[in-house]
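Accompanying notes for the structure given below.
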Amino acid sequence: MSSRIVTVPNLLTVFRMALTPVFVSLLFYQKFLMALGAFVLAGITDGLDGLLARRFDQQSPLGRILDPIADKLMLVASFIVLSMKSVYPDPIPSHLPIPFWVTITVISRDVFILIGAASINMVTGFRAFVPSLPGKISTVVQIVALAIVMLSAQTRVGTGYYLPTVYAAVFALALLSGIHYIFFVSRRLNERP
């Protein structure tokens, strides 16, 4: 693993972090398609930084820390801003903004996992935390849901039909992946020599 700080993957991660305020500003000014473009660009750089880090052996301890922070920063900012009525033009389409109970579930799950992992690390020294399959699925569904919400805010077509299902899926998967993570980490701790 590279100990260098200035690598192309790390620069892409920092770029993604810097893209978050631009993305939020575009949402605030109701430029939903441009915000969606920034969101997609963030996703592309996320995939690219991991690919380059593995391909050119530029994985680093800093990159392992910054990459998930950049991901969560964008997702949390997206859910918070898209839960505010003030970012949508009048009249607000049906089932927008994102309901508060969906946003608080997504954020609470991430905070719970972060605090739990930090506590376990401080008490036991255990560091082998890896993303679980339900967690990855939940994240993908959140990303797709945010893209759908941004498109819905722009097009306003049929939001009453599909958005409630999207919200229910995000909520259920966030809850399921949080519960799964508890059992997953417990099992990993019990397997330690």
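The values are calculated or read from the model by the stated rules, or taken from the named source; none is laboratory data. Everything quoted here is computed from the prediction, not taken from an experiment. As a convention, Cβ positions derive from the backbone with ideal geometry for all residues, glycine included, and neighbour counts pool all protein chains shown.
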(request) May I ask you to list the residues in the stretch 130-157 that are within 16 Å of Ile182 (Cβ to Cβ) and surrounded by 16 or more Cβ atoms within 10 Å (Cβ to Cβ)? (result) Ser132, Pro134, Gly135, Ser138
(request) Of the conditions (1) touching a Pro at 6+ places or on another chain (Cβ under 8 Å); (2) surrounded by 15 or more Cβ atoms within 10 Å (Cβ to Cβ), Met84 clears all except one; give me its number. (result) (2)
(request) Go through (1) assigned to a helix (DSSP H, G or I); (2) buried (at least 18 other Cβ atoms within 10 Å of the Cβ); (3) modelled with pLDDT of 95 or more; (4) out of contact with any Phe, Trp or Tyr (no Cβ under 6 Å at 6 or more places or on another chain) one by one and return the number of the condition Ile98 breaks. (result) (1)
(request) Check Ser83 against each of (1) assigned to a loop (DSSP other than H, G, I, E, B); (2) under 19 Å from the mean Cα position of the chain (by Cα); (3) over 30 Å from Ala172 (Cα atoms) and name the one condition it does not meet. (result) (3)
(request) Determine whether Val166 is part of a loop (DSSP other than H, G, I, E, B) and among the β-branched types (Val, Ile, Thr). (result) no
(request) Restricting attention to the stretch 132-158, report how many residues are outside any helix (DSSP H, G or I) and over 15 Å from the mean Cα position of the chain (by Cα). (result) 3
(request) State whether the residues of the stretch 116-131 include one that is among the hydrophobic types (A, V, I, L, M, F, W, C), touching a helix residue (DSSP H, G or I) at 6+ places or on another chain (Cβ under 6 Å) and part of a helix (DSSP H, G or I). (result) no
(message) With the structure loaded, tell me whether Asp49 is assigned to a helix (DSSP H, G or I), of a type in the set (D, E, K, R), over 30 Å from Val157 (Cβ atoms) and touching a Leu at 6+ places or on another chain (Cβ under 6 Å) or whether it fails that test.
(response) yes
(message) Regarding the stretch 11-34, can at least one residue be identified that is in contact with a Lys or Arg (Cβ under 8 Å, 6 or more places away or on another chain), surrounded by 14 or more Cβ atoms within 10 Å (Cβ to Cβ) and farther than 15 Å from Ala153 by Cβ?
(response) no
(message) Quick check on my filter: what residues within the stretch 68-79 are surrounded by fewer than 20 Cβ atoms within 10 Å (Cβ to Cβ) and either touching a residue at least 24 places away in the same chain (Cβ under 8 Å) or within 11 Å of Val149 (Cα to Cα) (or both)?
(response) Ile69, Asp71, Lys72, Leu73, Val76, Ala77
(message) Restricting to the stretch 52-80, give me the number of residues that are of a type in the set (Ser, Thr, Tyr) and assigned to a helix (DSSP H, G or I).
(response) 1
(message) Return the pair list, or none, for Cβ contacts closer than 6 Å from residues in the stretch 42-59 that are on the phi < 0 side of the Ramachandran plot and assigned by TED's automatic domain parsing to the domain that holds Ala70 to residues that are surrounded by 12 or more Cβ atoms within 10 Å (Cβ to Cβ) and assigned to a loop (DSSP other than H, G, I, E, B), at least 6 apart or on different chains.
(response) Ala53/Gln59; Gln58/Ser2; Gln58/Thr7
(message) What's the number of the only condition in (1) more than 17 Å from the chain's Cα centre (by Cα); (2) within 30 Å of Tyr161 (Cβ to Cβ) that Val6 fails to meet?
(response) (2)
